[in-house]
Structures are given as structure tokens and as C-alpha cells.
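Below: the structure, in C-alpha cells.
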Amino acid sequence: TTALLAAGAQAGAYSEVESNNTLDTANDLGIFSDPGGSVLVSGVLDTNDVDWFSFTLADTATLSVFAAFSTAGGADGVMQIVASGGDVIAFDDDSGLGLMPALQLESLSAGTYYIGFSGFGDVDSTSVTTDELADGLGHQQNFGYKLNIGFSVVPAPSAMALLGMGGLVATRRRR
């Protein structure tokens, strides 16, 4: 139901459902299209756990994912973005606040993608070149988290040209 909300209204909230420890069992967040959209995911990461989420882009878009959690008790998250074929296309450990991962990918082509969220020690930046997927093994943290996932559609080149021409016309009229 929540995935349908995300797809229809282009915004929503989603609570993680176990077992979502592999790409095949990833929680589906829905289809996102023009003009973009967002979803807030709430989840819990247990020892030796990874949480996978899938989403589909109907159009080329910019993807932004930010994690939030309390770092009390040593919580430290890592995140991967994976293409439908299993290729790891992005990894982050601490680009957000403190020990929180954050990723932004521009001009992500239409298609299905996966977000993997796990604890520090599961995978690292070499996963982008080795396609090692987070499996939850190697971390001992237990903590609740939120993932703020946002999509903004990238205008087609023809639309950008029209916007540019509109700016030229507006500039010429002001003189």
C-alpha cells in the first residue's frame, strides 16, 4: 500500500519489512516519474543485517539519499546503490553528518535500482569496482534509522533548449 502511495503521489513513508537481506527480497518502494518524488524509509538494522530497497525510475533523474540515526552506542552506517544487473554504482560511508552516509547521483537513467543500507564493516568503497554486495556480515551494530530518498527529473535536452530560448526572448524584451 505504501509503495502505491509513493508511486501515485510521488511522496510517502515506508516502514522496512524483513526479510530484505538480498536484491531478490528487497522492499519495493515503487515507480517514480515526472516531476520527481520522495519517500522516507524507517528501518531497524540488527547485528549482521543489511536492508535492501528497490525503486524504479520512469525517466532520467537525480537521486539523493541521506541516512539519519543516533550515533549513540557506536552506530555507523554504510550505503550502496546498485543497478538492476547487480553492478555497484555508488558507495558511501560518512559523507552525511557524523557517521551517516549520503549519496547523490545525477542523470540516473530510467530503470530499476537498489539501495543497500548496512553497518560499518560490511562493505567498503572497493565494492564499486568489485561489485561486492552488502550482505550484513561484518558489523555488530543494532540501531534504528531513516533514509530520506528524493528524485528530481532531469529535463530532456530539447526542454533545456526551449528554456534557454525563453530566457533569450525575455532578455530581449527587457531592453
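The values are calculated or read from the model by the stated rules, or taken from the named source; none is laboratory data. Just so it is clear, the model here is predicted, and its values are computed rather than measured. As a convention, Cβ positions derive from the backbone with ideal geometry for all residues, glycine included, and neighbour counts pool all protein chains shown. Heads up: the accessible areas ignore ligands, DNA and RNA and are worked out on the full protein's heavy atoms, side chains in. Shrake-Rupley method; radii C 1.70, N 1.55, O 1.52, S 1.80 Å.
For Phe120, nonlocal amide neighbours, meaning residues 5 or more places apart or on other chains whose placed amide H falls under 5 Å from its own, are Asp76, Gly77, Val78. Assuming charge only on the beta carbon of Lys and Arg (+1) and of Asp and Glu (-1), the dipole of region 41-104 about its Cα centre is about 140 debye to the nearest 20.
Let's see if you can work this out: charge +1 on each Lys and Arg Cβ, -1 on each Asp and Glu Cβ, no other charges. What is the dipole magnitude of region 59-142 about its Cα centre, in debye to the nearest 20?
The dipole of region 59-142 has a size of about 200 debye.
Around the amide H of Gly144, modelled in the peptide plane, lie the amide H atoms of Leu45, all under 5 Å away and 5 or more residues distant in sequence or on another chain.
Any idea of the accessible area per residue across region 1-130, 1.4 Å probe, to the nearest Å²?
In whole numbers, region 1-130 has 43 Å² accessible per residue.
Centre-to-centre separation between the Cα atoms of region 110-156 and those of region 38-106: 4 Å.
With an a/c value of 1.5 or above and a/b larger than b/c for the gyration tensor axes a ≥ b ≥ c computed over the alpha-carbon atoms, region 3-128 is described as prolate.
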